[in-house]
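Participant: First, the structure itself, so that you have it in front of you.
The values are calculated or read from the model by the stated rules, or taken from the named source; none is laboratory data. Given the structure is predicted, the values throughout are model-derived calculations rather than measurements. Cβ atoms come from the backbone with ideal geometry, glycine included; neighbour counts cover every protein chain shown.
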Amino acid sequence: MATVQVSEAEKVYILHGIRDDLRVDGRGCEDYRHMEIETDVVSNTDGSAKVTLGHTAVLVGIKAEIGKPRPMFPGEGYLEFFVDCSANATPEFEGRGGEELGTELSNTLYKVFNNKNSVNLKSLCILKGEHCWVLYVDVLLLQCDGNLYDAISIAIKAALFNTKIPKVHISSDEEGSKEIELSDDPYDCMRLNVENVPCIVTLCKVGHRHVVDATLQEKACSVASLVMAVTQKGTVTCLRKVGGGSLDPESVFEMTETGKRVGKALHAPLMSLLQQEEKLGKSRQKVGFLG
Amino acid sequence: MRGHGTYVDEEKLTASVAGEVQEFNGEVGDVVVGRITEVQQKRWKVETNSRLDSVLLLSAVNLPGGELRRRSAEDELTMREYLQEGDLISAEVQSVFSDGALSLHTRSLKYGKLGQGVLVQLSPSLIKRQKTHFHNLPCGASIILGNNGFVWLYPLQHNRKRKLEAFTPPISLADREVISRLRNCLLALTAHKVLLYDTSVLYCYESSLQHQVKDILKPEIMEEIVLLTSKSFWNMKARKAILSFPKHFVICNCCGIFTAEMLFDDL
């Protein structure tokens, strides 16, 4: 991830500030920065979303393709994640610099969605054992200003909400072989139920306290972070520790409690916002990338 | 021979690009806030938002202890004890090298290593050139407006003694709030391309008092605050102009004729 240099005196200032629950930008330890979400920004995808969290900007595009189901799960479709850390985001990602971070982010996303409740994979099945929908989720990092996991997970949830998968009819012809027909009407599509899609909350341990949505300066003062994926009901689907420092079990417990609380509180406003945006329909003014 | 970014339009040489200068081109006498990037033999390399890192020679700093003597080999070896990579300093531009790199010096008690505070990185084109760049704002914090766009906010030093040397007392919550509010105000002013100097920052601070510190960064509230700030400017400038001729009338094309007392309620 992009790093900034911070002097020892600045670190002391940040540490004491967090201890007193007043961060450098006036936020409390559990406050997020200003967030902007827009869906349907990329026209040639089946679903897309762009999320700006402070100066971090993330673009997610979802494409639905027909493929063969996995051998272990013949009656389900699946998701494929790919994270591209573009060199636009920070000079450190030039050339192959962003590959390591990209693979780490993709692997975490696989872990987060690797359960039967997040996305109803059975609804992605077309013909058991033969055909199913594969959702290719492509994440593009446009700008990096800390807290990538959170921004990416919110963008994925918004993009999945926005995804329109065409309805298919299976017909068998005279010889008995099956044919897949896509309906002619481009608006005849299936939507996904994103109620149980988790959102990732990253908690950085700074001193004796932990903060949500850390900036790059705060990240430089922290030695360890906890990345946790929380659903609307408060279920944790993935818990991961990142960073070279150590966390004692009591801090891990406290941080997971905070993460659950913050994560649960994220979902309701997010869903209502997405539904509001959907209601605007065609009359919505698209901001896109130049706004 | 014409350079890049130009074209000839009806025999006149015209620029084909326009924009704001993002880099700092320093001149002798400019005050800068910089971060040490390297410790080399007899000098430090300082990042100052310019094309090349600036140079701070060992001979251009005041030795801790304040002695005046020739720098020895021991001084060279203990450079890192004074300034390390990542440290922030305030300095003045002493000269400019032929390749454009700046040579800095901290040979004054007001310059040197910076202690606890907040650094805000902005565009150098928004910093107004003034007689002094060090201000103790009446709202309860101090500010250094570096010409290179780096602005340093720190708590007021109540005693005359120079900050860093000994134990630094923890900063109170009230001071922190002032500094956080100032930081957000600076970002609000930068977003609306307002020239930064002590008065503009102060007016913005006062206009922001009705909002919570963390709300200042919301786009709608930022706009509201900057609008209030520019209104305060108008008020101040108009007051100065009108008060210099108190018996005259002010004629506004759309609103009518007013006297000074009618325009400003507190006269």
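Participant: Applying the selection to the stretch A:157-203, what residues are aromatic (Phe, Trp, Tyr) and either touching a Cys at 6+ places or on another chain (Cβ under 6 Å) or surrounded by 15 or more Cβ atoms within 10 Å (Cβ to Cβ) (or both)?
Facilitator: Once the filter is applied, which keeps residues that are aromatic (Phe, Trp, Tyr) and either touching a Cys at 6+ places or on another chain (Cβ under 6 Å) or surrounded by 15 or more Cβ atoms within 10 Å (Cβ to Cβ) (or both), the stretch A:157-203 yields only A:Phe161.
Participant: Look at the stretch B:73-93 and say how many of its residues are touching a residue at least 40 places away in the same chain (Cβ under 8 Å) and more than 14 Å from chain A (Cβ to nearest Cβ).
Facilitator: Total satisfying the criteria: 4.
Participant: OK, next. State all residues of the stretch A:163-195 that are in contact (Cβ under 8 Å) with a residue 24 or more places away in the chain and more than 18 Å from A:Val134 (Cα to Cα); if no residue qualifies, say none.
Facilitator: A:Lys178, A:Glu195
Participant: If you don't mind, there's one more thing I want to ask. Please return the ranges of strands (runs of 3 or more DSSP E) entirely within the stretch A:129-242 where 1 or more residues are of a type in the set (S, T, N, Q).
Facilitator: Once the strands (runs of 3 or more DSSP E) in the stretch A:129-242 are filtered for at least 1 residues that are of a type in the set (S, T, N, Q), what remains is A:131-143, A:168-172, A:199-206, A:224-230, A:236-242.
Participant: Quick check on my filter: what residues within the stretch B:197-216 are within 14 Å of chain A (Cβ to nearest Cβ), part of a helix (DSSP H, G or I), out of contact with any Gly (no Cβ under 7 Å at 6 or more places or on another chain) and farther than 10 Å from B:Cys185 by Cβ?
Facilitator: Hit for the stretch B:197-216 is B:Asp215, nothing else.
Participant: Can you tell which of B:Leu227, B:Leu189 is more than 10 Å from chain A (Cβ to nearest Cβ), assigned to a helix (DSSP H, G or I), on the phi < 0 side of the Ramachandran plot and in contact (Cβ under 8 Å) with a residue 60 or more places away in the chain?
Facilitator: So the residue among B:Leu227, B:Leu189 that is more than 10 Å from chain A (Cβ to nearest Cβ), assigned to a helix (DSSP H, G or I), on the phi < 0 side of the Ramachandran plot and in contact (Cβ under 8 Å) with a residue 60 or more places away in the chain is B:Leu189.
Participant: May I pose another question? Of all residues in the stretch B:194-228, which are more than 24 Å from A:Gly54 (Cα to Cα) and touching a Leu at 6+ places or on another chain (Cβ under 9 Å)?
Facilitator: Those that are more than 24 Å from A:Gly54 (Cα to Cα) and touching a Leu at 6+ places or on another chain (Cβ under 9 Å): B:Tyr197, B:Asp198, B:Ser200, B:Leu202, B:Tyr203, B:Glu206.
Condition check ((1) of a type in the set (Gly, Ala, Ser); (2) free of Cβ contacts under 8 Å to residues at least 12 places away in the same chain; (3) closer than 13 Å to A:Ile152 by Cα) across all residues:
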residue: A:Val42; (1), (2), (3): no, no, no
residue: A:Gly61; (1), (2), (3): yes, no, yes
residue: A:Pro69; (1), (2), (3): no, no, no
residue: A:Met72; (1), (2), (3): no, yes, no
residue: A:Glu76; (1), (2), (3): no, no, no
residue: A:Phe81; (1), (2), (3): no, no, yes
residue: A:Cys85; (1), (2), (3): no, no, yes
residue: A:Asn88; (1), (2), (3): no, no, no
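Participant: Answer with yes or no whether A:Glu250 is touching a residue at least 40 places away in the same chain (Cβ under 8 Å) and assigned to a helix (DSSP H, G or I).
Facilitator: Details: touching a residue at least 40 places away in the same chain (Cβ under 8 Å): no; assigned to a helix (DSSP H, G or I): yes.
No, not satisfied.
Participant: Ok, one more. Provide a single number: the residues in the stretch B:123-141 that are touching a Leu at 6+ places or on another chain (Cβ under 7 Å) and either of a type in the set (Phe, Trp, Tyr) or within 14 Å of chain A (Cβ to nearest Cβ) (or both).
Facilitator: The number of residues fulfilling the criteria is 1.
Participant: Among the numbered criteria (1) surrounded by 12 or more Cβ atoms within 10 Å (Cβ to Cβ); (2) modelled with pLDDT of 75 or more; (3) in a helix (DSSP H, G or I), which one does B:Met262 miss?
Facilitator: With respect to (1) surrounded by 12 or more Cβ atoms within 10 Å (Cβ to Cβ); (2) modelled with pLDDT of 75 or more; (3) in a helix (DSSP H, G or I), B:Met262 is out only on (2).
Participant: Here's something else I'd like to know. Consider B:Lys128 against the criteria (1) in contact with a Gly (Cβ under 8 Å, 6 or more places away or on another chain); (2) surrounded by fewer than 16 Cβ atoms within 10 Å (Cβ to Cβ); (3) among the charged types (D, E, K, R): it satisfies all of them except one. Which criterion is unmet?
Facilitator: Looking at each condition in turn, B:Lys128 falls short on (1).
Participant: Please verify whether B:Leu189 is of a type in the set (A, V, I, L, M, F, W, C) and at pLDDT 95 or above, treating the condition exactly as stated.
Facilitator: yes
Participant: When you scan the stretch A:1-93 for strands (runs of 3 or more DSSP E) that lie fully inside it, which ones turn up with 1 or more residues that are within 12 Å of chain B (Cβ to nearest Cβ), surrounded by fewer than 16 Cβ atoms within 10 Å (Cβ to Cβ) and among the aromatic types (Phe, Trp, Tyr)?
Facilitator: Result: empty, no element qualifies.
Participant: Just to be sure I understand, how many residues within the stretch B:222-252 are buried (at least 18 other Cβ atoms within 10 Å of the Cβ) and over 19 Å from B:His135 (Cβ atoms)? Can you show your working first?
Facilitator: So the first thing to find is which residues in the stretch B:222-252 are buried (at least 18 other Cβ atoms within 10 Å of the Cβ), and the list is B:222, B:225-226, B:229, B:242.
Subsequent filtering for residues that are over 19 Å from B:His135 (Cβ atoms) retains B:222, B:225-226, B:242.
Result for the stretch B:222-252: 4.
Participant: Hey, does the stretch A:256-266 have a residue that's of a type outside the set (Asp, Glu) and in a loop (DSSP other than H, G, I, E, B)? Walk me through it before giving the result.
Facilitator: Within the stretch A:256-266, the subset of a type outside the set (Asp, Glu) is A:256, A:258-266.
Now drop any that are not in a loop (DSSP other than H, G, I, E, B), which leaves none.
No, every residue in the stretch A:256-266 fails to be of a type outside the set (Asp, Glu) and in a loop (DSSP other than H, G, I, E, B).
Participant: Of all residues in the stretch A:115-128, which are free of Cβ contacts under 8 Å to residues at least 60 places away in the same chain and part of a loop (DSSP other than H, G, I, E, B)?
Facilitator: Those that are free of Cβ contacts under 8 Å to residues at least 60 places away in the same chain and part of a loop (DSSP other than H, G, I, E, B): A:Lys116, A:Lys128.
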